[in-house]
Structure formats: C-alpha cells, structure tokens
1. Identify all residues within region 23-39 that are at negative phi and open to solvent by 20 Å² or more (accessible area, probe 1.4 Å); write none if there are none.
2. If I filter region 9-16 for residues that are part of a loop (DSSP other than H, G, I, E, B), among the β-branched types (V, I, T) and over 23 Å from F149 (Cβ atoms), do I get at least one hit?
3. Please name all residue pairs, on different chains or six or more residues apart, with Cβ atoms under 6 Å, provided the first residue is in region 121-147 and is without any contact (Cβ under 8 Å) to a residue 60 or more places away in the chain and the second residue is charged (D, E, K, R) and surrounded by 18 or more Cβ atoms within 10 Å (Cβ to Cβ).
4. Restricting attention to region 188-222, which residues are part of a loop (DSSP other than H, G, I, E, B), modelled with pLDDT of 90 or more and surrounded by 17 or more Cβ atoms within 10 Å (Cβ to Cβ)?
5. If Q42 satisfies every condition in (1) open to solvent by less than 30 Å² (accessible area, probe 1.4 Å); (2) of a type outside the set (A, V, I, L, M, F, W, C); (3) within 26 Å of L103 (Cβ to Cβ) but one, which is the exception?
6. Out of (1) closer than 16 Å to N145 by Cβ; (2) out of contact with any Lys or Arg (no Cβ under 6 Å at 6 or more places or on another chain), what's the single condition that is false for Y172?
7. Which residues, taken from region 228-277, are buried (at least 18 other Cβ atoms within 10 Å of the Cβ) and in a loop (DSSP other than H, G, I, E, B)?
Amino acid sequence: MKLTILGCYAATPRTFTNPTSQVLEIKNRFFLIDCGEGTQVQLRKNKIKFSKINHIFISHLHGDHFFGLVGLISTFMLLNRTTDLHVYGPKGIKEVVLLQFRLANSWANFELIFHELESKESEIVYEDKKVIVKTIPLKHRVYTNGFLFQEKIGDRPLNVAAVQSHNIESCYYQNIKNGKDIELEDGRFIENEKLTFDPIAPKSYAFCSDTVYYEGIIPIIQNVDVLYHEATFLDSEEDKSEKTMHCTAKQAATIAQKANVKQLILGHYSTRYDNIEVFKEEAQTVFSEVLLADDGKVFEF
C-alpha cells in the first residue's frame, strides 16, 4: 500500500504548498482522492501516469478539494484518453462538471461516469475482486464523506514442500489456494491448513477530511492500518475549528486513539502556521504513532 501526497494544505494554494489531493496505490489499483487546484501538475511532478487514474473520489464540493477536477478531465481529453473514468462525489458534482464543458462546447471522448452520493450512512461505492471502498460520513459545513479503502483477503499461499510431499498434481493448486480441502484420487483427504500458509493480513486506509470532531466515524474506521485525518488548527485555536467545522491536531489524535488505528497521518493544515512540526508535537500528547503529510511525500505501508 503506497500513499502519495499531492497536496495537504487548507484553503488557498501557495507557490510551495497545494490544497488537498493524494493518490493511493493499493493492490495495483490507483485511486485519486480529492482533486484540489494544481492536482494535475502535482501528478506530473510525482511521475504518476495519468492513464493509471480511473477512479476519482471527491469528499465534498469546497473548491480546495475539487477545483482541479475539470482541468484534469480536460487534459485527459487532450491526451485522447479512451478508458472510462469514474468520479465518486456528492450529488451535484455531475452538474458542476458538465456545465463547464457545455459552456465550453467541449465533450469527453471517453465514458465519464458519475457516482453521486447523498446517503448519510456508510455505504459501499466501489468493489472488485481485491479492493472495497466505503464512505465515511463526516460533519462539515456541506455534505462530506471520507473514504475507507480495504484490501480483501487474498489467496492462501501454497506450502510447496507440503504439496510436493503428498505428490499433489498442479490441477488442484488453485482450489487449495482458495482454501479448499483436497480429496485425492486414491481417497486421501488432506485439510487445507496442512497445505497452505495464512494469507498476508489485508491492509486498510481511511481518509477523513474535512470534518468537525466527530466520534460517529469511530466504528467505521476501527482498527484501520492508516488513518489520514484533517488537523486544520492547533488546540489553541479550537474556537476557530468549531466555527469552521474543522479539527485540531489533538482532536484528530483523540479519534485515532479511540479507534485503535495503527498509524495516524495529519494533514489539511491551515497556512497560518509556519512550522507543521507543531501539529505532530500536539497530537503525540494523545497518540504516539503520528506522521505528517506534506506535498510530495510518499508513505509505503
């Protein structure tokens, strides 16, 4: 599981920082999460191929989380993309995007598929053989979702020595990896546990931005491997966090601690602060395993 931070600062872009956007690579799938202004430039800087982006998840319709979307789709058009593009986001995102293309008399030469969200309960929005994605309903000034990405349990690795010791033919291998016990032609019955190893534990990643402190997300993100949680303010500006419906670093750490996550990544910092290290220092008074997002930073788990 690999996470590339394209942008992780709040509000307006600066020459040296960008608003929210990141790419999660999980089970050889590339998911773009939020698409703030400048996202396509950041994709190029980080050498992430545009052709790998087939699914885009937008948390909410505040500009610093989706103003880069139309530009990115426009570039896909210029590059003569033919692969379907799926966009998951709040109801209204289709209208916003298509209005701009209609007024510009410009249309995609690929299938642009919108999955508009309006449920206030967690729901599955994407699923294939290896990955499942669910919404994490958040509390912000507009309808907002985080997203939970979970690997599915893979095949059980073959215990090659055990398989060979029983002279099992290769035609049985896939069934064995699928977890099935084996009855051989000579009548021998062999339990799967004797022929395989336990699969690698599936990983999970939760993205939560933007939201006021909200314990309602804890059952959804319980025990995740990595939690990215907004930390717009420090505890000294808690009054501002309440007014704007954002979180402090200490509040994000409290959510991580109560949800028993393995690792917390902080982001969405207000640009009023000169040094983001203070966010980590504050969070670690509550929860020890804290990392700081920053533009261009890559995390591998």
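The values are calculated or read from the model by the stated rules, or taken from the named source; none is laboratory data. Just so it is clear, the structure is predicted and the values come from calculations on it, not from any experiment. Because the Cβ atoms are built from the backbone with ideal geometry, glycine has one as well, and the counts that use them run over all protein chains shown. Surface accessibility is based on the protein's heavy atoms, side chains included, excluding ligands, DNA and RNA. Shrake-Rupley method; radii C 1.70, N 1.55, O 1.52, S 1.80 Å.
1. Residues satisfying the conditions are E25, R29, F30, E37.
2. yes
3. Hits for this filter: I124/K134.
4. Those that are part of a loop (DSSP other than H, G, I, E, B), modelled with pLDDT of 90 or more and surrounded by 17 or more Cβ atoms within 10 Å (Cβ to Cβ): P202, S209, D210, T211, V212, Y213, Y214.
5. The one condition Q42 does not meet is (3).
6. Single failed check for Y172: (1).
7. A231, T232, L234, M245, H246, C247, V261, H268, S270, I276
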